[in-house]
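Asks: Shown below is the structure under consideration.
The values are calculated or read from the model by the stated rules, or taken from the named source; none is laboratory data. Predicted model only: the values in this text are computed from it and were never measured. Methodologically, a virtual Cβ is constructed for each residue, glycine included, from the backbone with ideal geometry; neighbour enumeration extends over all protein chains shown. Just so you know, the surface numbers come from the protein's heavy atoms only, side chains and all, with ligands and any DNA or RNA stripped out. Shrake-Rupley method; radii C 1.70, N 1.55, O 1.52, S 1.80 Å.
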Amino acid sequence: MSLSNTLARVDADLAAGRVPVARQRLRGLVSSFPHDLTPRRRLAEVYRLYGDAAEAGRWMYLEEDRREDETVAFEERYGSPARRMRALAWRGPESLAATAFAQERLAAVRAARAGELGRPVDWDDPASYEERAYGHPPLETGGWTFKGVLMGGGCAVGVLLHLAIWVVGVVTILD
């Protein structure tokens, strides 16, 4: 479905009071048309209906006429450049942005994350900018751990108890 047809459906949803449906349609449009600022602006308007300044700021972040209070709320909720990169849902180089202001904002966020990591990052490769973005330790790739042994042992005991109760039940029925 085209952008204009979906925006017309969004208008109909909003007129009928189906705000969550309109929001979902707009999120799909942002995903399908990440470089078009119109669905982002409309999504910000929907989040204003909810009173969610941070999300309104998120979707207006690339617009020059954004509201400062919403921008501050967005930057507080998504405190690091890595989280902002993920939240903005951008794909491709900044040069694809419709306005020079949007290009500058995207470049500033990417440059801030690259500065934190000390290496280049790419909008199209989330792994390049999400490295420990949320403070999680790296995943363990193998080996035995005390916690793992305890969990495995507990599961084995549970299975054996279940099996024993089942066998006792079958023997009791057959007697």
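Asks: Considering only segment 11-23, state which residues are of a type outside the set (A, V, I, L, M, F, W, C) and either touching a residue at least 40 places away in the same chain (Cβ under 8 Å) or crowded, with 17+ Cβ neighbours inside 10 Å (or both).
Replies: Scanning segment 11-23 gives ASP13, ARG23.
Asks: With the checklist (1) open to solvent by less than 30 Å² (accessible area, probe 1.4 Å); (2) modelled with pLDDT under 95 in hand, flag the one item ALA8 doesn't pass.
Replies: Of (1) open to solvent by less than 30 Å² (accessible area, probe 1.4 Å); (2) modelled with pLDDT under 95, only one is false for ALA8: (1).
Asks: Check every one of the helices (runs of 4 or more DSSP H) wholly within segment 58-169 and list those with 1 or more residues that are β-branched (Val, Ile, Thr) and at pLDDT 90 or above.
Replies: In segment 58-169, 68-77, 100-117 are the helices (runs of 4 or more DSSP H) which contain 1 or more residues that are β-branched (Val, Ile, Thr) and at pLDDT 90 or above.
Asks: Moving on to the next point. Check whether at least one residue in segment 52-62 is among the aliphatic types (A, V, I, L, M), farther than 28 Å from ALA127 by Cβ and without any contact (Cβ under 8 Å) to a residue 24 or more places away in the chain, and report yes or no.
Replies: Keep residues of segment 52-62 that are among the aliphatic types (A, V, I, L, M), which gives 53-54, 56, 60, 62.
Retained after the next criterion (residues that are farther than 28 Å from ALA127 by Cβ): 53, 56.
Those still in the list that are without any contact (Cβ under 8 Å) to a residue 24 or more places away in the chain too: 53, 56.
Yes, the conditions are met somewhere in segment 52-62.
Asks: Answer with yes or no whether LEU26 is open to solvent by less than 60 Å² (accessible area, probe 1.4 Å) and in contact (Cβ under 8 Å) with a residue 24 or more places away in the chain.
Replies: So LEU26 does not fit the description; no.
Asks: While we're here: Considering only residues that are in contact (Cβ under 8 Å) with a residue 40 or more places away in the chain and more than 16 Å from the chain's Cα centre (by Cα), which ones fall in segment 31-51? Steps first, please.
Replies: Let us first name the residues in segment 31-51 that are in contact (Cβ under 8 Å) with a residue 40 or more places away in the chain, namely 31, 34-37.
Hits for segment 31-51 are HIS35, ASP36, LEU37.
Asks: Next up: Please list, ordered by first then second residue, the pairs with beta carbon atoms under 6 Å, 6 or more apart or interchain, first in segment 85-103 and farther than 11 Å from ASP36 by Cα, second among the hydroxyl-bearing types (Ser, Thr, Tyr) and open to solvent by less than 30 Å² (accessible area, probe 1.4 Å).
Replies: Note: pairs meeting the criteria are MET85/TYR129.
Asks: Just to verify a result, which residue in segment 30-72, among those that are aromatic (Phe, Trp, Tyr) and over 15 Å from THR6 (Cα atoms), is surrounded by the fewest Cβ atoms within 10 Å (Cβ to Cβ)?
Replies: In the first step, residues of segment 30-72 are kept if they are aromatic (Phe, Trp, Tyr); the result is 33, 47, 50, 59, 61.
From the residues that got through so far, the ones that are over 15 Å from THR6 (Cα atoms) too are 47, 50, 59, 61.
Numbers: TYR47: 21, TYR50: 12, TRP59: 28, TYR61: 23.
The extreme case among them is TYR50.
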